[in-house]
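Notes for the one structure printed next.
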Amino acid sequence: MAELTYRDALRKALADAMTENPDIVILGEEVGRYGGAYGVTKDLIKEFGPERVIDTPISEPSIVGAAVGAAMTGLRPVAELMYVDFLGMTMDQLANQAAKIRYMFGGQIGVPMVLRTQGGTGRSAGAQHSQSLEAYVMHTPGLRLAMPATVADAYHLLRQALERPDPVVFIEHKALYTMKEDVDLGARPPAWGKAAVRRQGKDLVIVTYSRQLHYVMDAAKALSAKGIEATVIDLRTLNPLDFDTIREHVERIGRAMVVSEGAMTAGVAAELAARISEECFDFLEEPVIRVAGEDIPISVSPALESGSVPGPQLIAEMAGRLLA
Amino acid sequence: MAELTYRDALRKALADAMTENPDIVILGEEVGRYGGAYGVTKDLIKEFGPERVIDTPISEPSIVGAAVGAAMTGLRPVAELMYVDFLGMTMDQLANQAAKIRYMFGGQIGVPMVLRTQGGTGRSAGAQHSQSLEAYVMHTPGLRLAMPATVADAYHLLRQALERPDPVVFIEHKALYTMKEDVDLGARPPAWGKAAVRRQGKDLVIVTYSRQLHYVMDAAKALSAKGIEATVIDLRTLNPLDFDTIREHVERIGRAMVVSEGAMTAGVAAELAARISEECFDFLEEPVIRVAGEDIPISVSPALESGSVPGPQLIAEMAGRLLA
Amino acid sequence: MSKPKGASAPGTKTNSDLPELYRTMRRVRSFEERVGELFVRGQTAGSMLHLSIGEESAAAGITAAMKPQDTFTTHHRGHGIFLARGADPKRMMAEIGGKEAGYCHGKGGSMHIADMGLGHLGANAIVGGGIPAVVGAGLSARRKRNNAVSVAFFGDGATGQGVLYESMNMAALWGLPVLFACINNQYGMGTRIDQATANTALHERAIAFGLNGESVDGLDVEEVAEAARRLVDAARAGKPGFLAVSCYRFYGHARKDKSPYRDAAEEEAGRQRDPVAFARARLIERGLVKAAELDALDSEIAREMDATIDFTIAQNEPPLASMFRDVFDPSEPEPEPVRTRLNRVLATEQENG
Amino acid sequence: MSKPKGASAPGTKTNSDLPELYRTMRRVRSFEERVGELFVRGQTAGSMLHLSIGEESAAAGITAAMKPQDTFTTHHRGHGIFLARGADPKRMMAEIGGKEAGYCHGKGGSMHIADMGLGHLGANAIVGGGIPAVVGAGLSARRKRNNAVSVAFFGDGATGQGVLYESMNMAALWGLPVLFACINNQYGMGTRIDQATANTALHERAIAFGLNGESVDGLDVEEVAEAARRLVDAARAGKPGFLAVSCYRFYGHARKDKSPYRDAAEEEAGRQRDPVAFARARLIERGLVKAAELDALDSEIAREMDATIDFTIAQNEPPLASMFRDVFDPSEPEPEPVRTRLNRVLATEQENG
Ligand SMILES: Cc1ncc(C[n+]2csc(CCOP(=O)(O)OP(=O)(O)O)c2C)c(N)n1
Ligand SMILES: Cc1ncc(C[n+]2csc(CCOP(=O)(O)OP(=O)(O)O)c2C)c(N)n1
Ligand SMILES: [Mg+2]
Ligand SMILES: [Mg+2]
């Protein structure tokens, strides 16, 4: 057991994987000398050299496109987008190229790359640096999507992503980098694609991922004090989606809430709610409740920023009312 | 009443609006001399001149970005993306700029532009020219989204889009351009943001939009022959979303299906199904069924292409089983 | 200084403007120092604050070449440009503090400040994001025949972004009244310009696309102002241009960056290339203004800028309900809050359930 | 001709290759004519077919400069390049017909054909979409020390796309073994090159980014081959390059386009600039091959290419179930079909409902 931050767990995952696999290269803005805007790649350039830790110009479309080409020619690139908000510039290379190449070319070749990035609110960074855009990725056939909520998952999911045969978008949360946990990295992690049940309770199931897991756990604690016990499922990966785990608990409990930081409309929460509603219909005693980001841009004003996304209080309040 | 194609209705909407409003300009690839890849802007350059119908280089991000700047400085641009599949290159300008400018700048100014494009299957155009990407747009706060299914709507929705104070993404369907209808353009259209009930029936509600409306109507006919009567709602705009109309019918009928050509996971069908499931929970006798595009890229092979998206048969079959 | 200055007549020697250019630069310097202070005092909204200290000649020199009808976009390091254009430093500072009284009512902050009244079409947190807008503004100017030029301000780092070349190509093709103004402060975060591109003579690219292109030393604000006038005038006449102003980013990229990737000697030399000090020395050297007068001016500016901090601290945060405002036009319904939706869903439940 | 040709030793005069270059060009011409025929016979998958007739010298000349280990990406008009590189015309034609026997089992079609065996990293229906991949291939080559060059083929229209400049900048900065090969057929759909850019000397942009840059007349395949050899060799040595091959798109943009935007005289003149005819005349003029021999070669090629049509027509469509294959690696579960999902949901309903 060692105390580690989310940031350091990510860094260690990269370092360990790079030590084992010489084909892994990192490319992105400020990943080398600067060590990454959020410090995740700190000193990796010293350890692995500039041929494997490549500082790029500010050219997001071509960073992702170069990763595609590198992946097709025998490397295993980790491209970094400094903010998930820049996904918009790269969606052509990501969704039209990386995601479709194996398919379009009839299975001749895959694109085993990882696109690492970070999203979410918490730094007063404004409308173009605070978004949660995982829904764009989840909606795109051909892409895998991992979003670690814990320090252990930061490590394990990134290691696993670096073994996958297909492109993985790996979205960290900017508010989690300094979070610490005691972790035993030697312990066997859950398999890739498996959700984790973070808490068991008989009254309702809350399905979530990434930073919202922590808000949900806080809410669950508050609910517990009032005698309401929630089962909390952390999805860990949104593609693959471990619906079996969701189904098992929802069918048993009959009440479900989904929580996501992304904007509500046509977002991840919509998919989860739709899926639960259709697959577990006969078991549901109440509608599946979506607690998600407001359908508005994010402000720099800290009050408006935190008001724009779910927090423990809203989650607990709505869960309480669902059971009232 | 005059017989008009969807294409010509769009063209007429542009021409009529441009005649009335000298601030409207069109910019995009091949919109001028060529008349548009699908002929929608045919001869408009002759009528309105190259200052108002602007042929651009192949630079999608900057086409959308230029439209943003033009809209902020007093023009009312209609930017054309030849295929919605190119949205990926423009998502930064669309989602980070056009959609957020009014908000980020505290309401100082809006971005009254229309982004016209077309999507969908039907031409063996392959994975990068056949997508239905409306979910990306619907998920993005700040954007309006219109998707006409009929000739009359092609005209009226485009005219209305050209009066809106905010950015409207206007997605046509490539398989509809040659569709003909007898239309009376003088008749008062439904208000912007209102859905149209295309058919009334007591047994189930089918909510859809764009080309799938026609498949749904075909399916409804087949169902009717078997004694099943469907109410069919054509959304016309996905933002604003006319949920009141959906609610009214679903609450009365108790069974709903949503049909969309877009990939199922985290798509428009997910939003509609989630919304109906949560808001109409107590009225639903059966789960809301999603019939949507497969979570796969689109092939050029005509058989695989048409197999990848819903058709009248699948819709009718599933509706029939829902009522069995 | 609360209104944009009209440019001098084309071709005028700019020497006579030096006192005014100095004053503008001094105000930018002082304002930015106050932003740093506001941050230290924990009164900014976040830490993503990018000071333009060292780059004042670009702000002063280029805005001096612009006319009232002209428009512009800026980047994440755009305070100085906006102030030089005539912004109210109080409303700027309040915006940086995320306050209701700010230019954007606390929604935009440092990186998304704008003022349509001054033709400021907006700062941008997307590197290169504001560039194509000037092409559209150029199209508007041409159609409206309003003789306006539109200037895109951006950093050397933005030369990595493809949209710049797309936009330059369009501007050249259509002969638009547009200037691409690149503030080359030698760094994009921790990446020195020669670590980001093989040919650091950035203006050569513009020439290859058919624009006027120049690089100028930002130490001397008069040189900047003259080059800007040449290029803005040509743009107004239908030949778009590109101007790279070479300068040095005195401090870290954002407030928390201590620039460990630069060595002390380099920083020292870079800070020697101070356009404000250079202009001051020249004013005295030319006998245009006395040192004591400049001291008095500097103090007056310092007092003005001090007041921006007090003003900002005294302001309120925007009200929570304002969150749903301005997503769409005020004539449109606001987006429904999650809470309202859930209240309805859960209320129905309680009635019917 | 079913394997890629090794390049001649650097610096060799290419004259001696002319018969081979002619043969390659002739095969491309014949193949493309058959694609047109297949379309007329209603046997293609769709009508988005872009013939490279008139551009054969770029395909033949540049691929002649490439070595077996080299890789490349192409654009929507890439049949000729792939064939010149050594593709099997039957599998190509089958792919264009959307058949199971095609290179991509009918999923890719004309615009998404690829063959890893020949280093073909894929055609692209996104203008400019395949360009940045060669930067990545260049990084691989360097890390793997495999001495491979990667070539991005694209049209003049792709010079409107920002990714081209981003990628050229990266290639120059890192000294990658990469060539940007622009087939300048004067048009992007209905837009003539001078209607898309102010400076049509496209190679000047590359030079401004620090690459080697040349423009060459595509009428003469030997000139193309020589320029390509120079630039590919330099790229292999670490100096990336850009080569614009000027030619003329003989026919419409895609099969249905009759090019009403071009006048007859221009088309006539353009088609006079026929690289295949030019090479043929030169072969005879130099006494290298007799006309009768060329006639025999042409007939042999015609027969080979005729067979591609028969082959294609005889092939099957891919089975419907293959639709779910190859979204992900074969070791992974296939995406669940909508029908399967609905069957489960509706079955549960029937059990429990
Ligand atoms: C599209 C995009 N990529 C990356 C970033 C992160 N980022 C912010 S500023 C910056 C450096 C910009 O350098 P430059 O353009 O030279 O401006 P400077 O900071 O030097 O003023 C980077 C990489 C961003 N904001 N937007
Ligand atoms: C990103 C993108 N924009 C637009 C198109 C539509 N389109 C297909 S080919 C083409 C013209 C391309 O011209 P050029 O690059 O010169 O190639 P050519 O057709 O002349 O070979 C256009 C605009 C596209 N496929 N992709
Ligand atoms: Mg800089
Ligand atoms: Mg061309």
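Which residue, D:N199, D:V178, D:Q315, has the largest displacement toward the positive end of the dipole of chain D when charges sit on each Cβ (Lys, Arg +1; Asp, Glu -1)?
Towards the positive end, the residue furthest out is D:V178.
Can you compute the charge dipole magnitude of chain C about its Cα centre, using +1 on each Lys and Arg Cβ and -1 on each Asp and Glu Cβ, nothing else charged? Give it in debye, rounded to the nearest 20.
In total the dipole reaches around 680 debye.
Å³ per residue of the Cα convex hull, for the range B:2-183?
Enclosed volume per residue, from the Cα hull, is 101 Å³.
Express in % the proportion of alpha carbon pairs of the range A:196-323 at distances exceeding 17 Å.
53
Which distances in nm, rounded to one decimal and ordered from shortest, link the label point of D:E332 to the equivalent label points in the other identical copies, with labels set 7 Å from Cα toward Cβ?
Here D:E332 shows inter-copy label distances of 3.6 nm.
Find the eigenvalues of the gyration tensor of the Cα atoms of the range D:78-191, then list the square roots of 5 times those eigenvalues as equivalent ellipsoid semi-axes, largest first, in whole angstrom.
25, 19, 11
Note the full-extension length gain between B:E20 and B:E51 as 0.36 nm times their separation in residues minus their Cα-Cα distance, in nm to one decimal.
Length difference between fully extended and current span is 9.5 nm.
Would you kindly work out, in nm and rounded to one decimal, the distances from the label point of B:K194 to those of the same position in each other copy, ordered shortest first, with label points 7 Å along Cα-to-Cβ?
With the label placed 7 Å along Cα→Cβ, B:K194 yields 5.5 nm.
How high is the FRET efficiency between A:D184 and C:S47 when r is their beta carbon distance and R₀ equals 25 Å, given to the nearest 0.05?
0.15
Label points 7 Å out from Cα along the Cβ direction at C:E268 and D:A314: separation in nm?
So the two model labels end up 8.3 nm from each other.
Would you compute the Debye intensity of the protein assembly as shown from its alpha-carbon atoms alone, equal scatterers and no solvent, and pass along log10 I(q)/I(0) at q = 0.05 Å⁻¹ to two decimals?
After summing over all Cα pairs, the log10 values are -0.35.
Modelled label-to-label distance, C:D217 and C:K290, 7 Å Cα→beta-carbon offset: nm?
It is 3.1 nm.
Tell me, what ³J(HN,Hα) does each residue in the range A:148-164 have, in order and in whole Hz, if you take phi through Karplus 6.51 cos²θ - 1.76 cosθ + 1.60 with θ = phi - 60° and put x for Gly and Pro?
Running phi through 6.51 cos²θ - 1.76 cosθ + 1.60 with θ = phi - 60° gives x, 10, 10, 5, 4, 5, 3, 6, 5, 5, 6, 4, 5, 4, 6, 10, 6 Hz.
Using a cut-off of 15 Å between beta-carbons, work out the net charge of the residues near A:S132 (Lys and Arg +1, Asp and Glu -1, A:S132 not included).
Net charge in that neighbourhood comes out at -3.
Cα to Cα, under 14 Å, and not fewer than 8 places away if on the same chain: which aspartates and glutamates meet these conditions relative to C:K67?
Qualifying aspartates and glutamates at Cα under 14 Å: C:D233.
Label-to-label distances across copies for A:E47, with labels 7 Å out along Cα→Cβ, in nm, shortest first?
6.5
Rank C:G157, C:G213, C:S52 by how far each Cα sits towards the positive end of the charge dipole of the range C:18-318 (+1 on Lys, Arg Cβ; -1 on Asp, Glu Cβ) and give me just the farthest.
Selected residue: C:G213.
Considering every pair of different Cα atoms, what Kirkwood radius, in Å, is found for chain B?
Hydrodynamic radius (Kirkwood, Cα only) of chain B equals 20.0 Å.
Given a cut-off of 22 Å, name the pairs among B:K100/C:K256; A:K221/C:K107; B:K174/D:K107; A:K42/D:K144 whose C-alpha atoms lie farther apart than that in the structure shown.
B:K100/C:K256; A:K221/C:K107; A:K42/D:K144
In a shell of Cβ-Cβ distance under 14 Å around C:E166, excluding C:E166 itself, what net charge do Lys and Arg (+1) and Asp and Glu (-1) give?
Charge balance near C:E166 sits at -3.
Run down the aspartates and glutamates and flag those whose C-alpha is under 16 Å from the C-alpha of A:K226, throwing out any fewer than 8 positions away in its chain.
A:D203, A:D218, A:E317
For D:D257 and D:N199 in one chain, what is 0.36 nm times their gap in residues minus the Cα-Cα distance, to one decimal in nm?
18.2 nm
Let me spell out the model: positive unit charges on the Cβ of Lys and Arg, negative unit charges on the Cβ of Asp and Glu, origin at the Cα centre of the range B:196-323. What dipole size does that give, in debye rounded to 20?
Rounded to the nearest 20 debye, it is 400 debye.
I want the local charge near B:G227. Using Cβ-Cβ distances under 12 Å, sum +1 for each Lys or Arg and -1 for each Asp or Glu among the other residues.
0
What is the Cα coordinate range of chain C on the first, second and third principal axes, sorted by size from largest, in whole angstrom?
So the three principal-axis extents are 83, 49, 40 Å.
Specify, for chain D, the residue whose C-beta is closest to the rotation axis mapping it onto chain C, with the distance given in whole Å.
Rotation axis D onto C, closest Cβ, rounded to whole Å: D:G162, 1.
Which one of C:Y22, C:G136, A:A15 is farthest out on the positive end of the charge dipole of the protein assembly as shown, using unit charges on Cβ (Lys, Arg +1; Asp, Glu -1) and the Cα centre as origin?
Checked the options; the winner is C:Y22.
Would you please calculate the Kirkwood hydrodynamic radius of the range D:126-229 over all C-alpha pairs and express it in Å, rounded to one decimal?
14.3
Round to the nearest 0.05 the FRET efficiency obtained for C:A307 and A:D43 when R0 = 41 Å and r is the Cβ-Cβ distance.
Calculated transfer efficiency: 0.40.
Counting Lys and Arg as +1 and Asp and Glu as -1, each charge on the Cβ, what is the dipole of the protein assembly as shown about the Cα centre in debye, to the nearest 20?
1280
Rule-based calculations on the coordinates, nothing more; no lab input. Keep in mind that what you see is a predicted model, and the values were worked out from it rather than measured. Don't worry about glycine lacking a Cβ; one is built from the backbone with ideal geometry, like all the others, and counts go over all protein chains shown.
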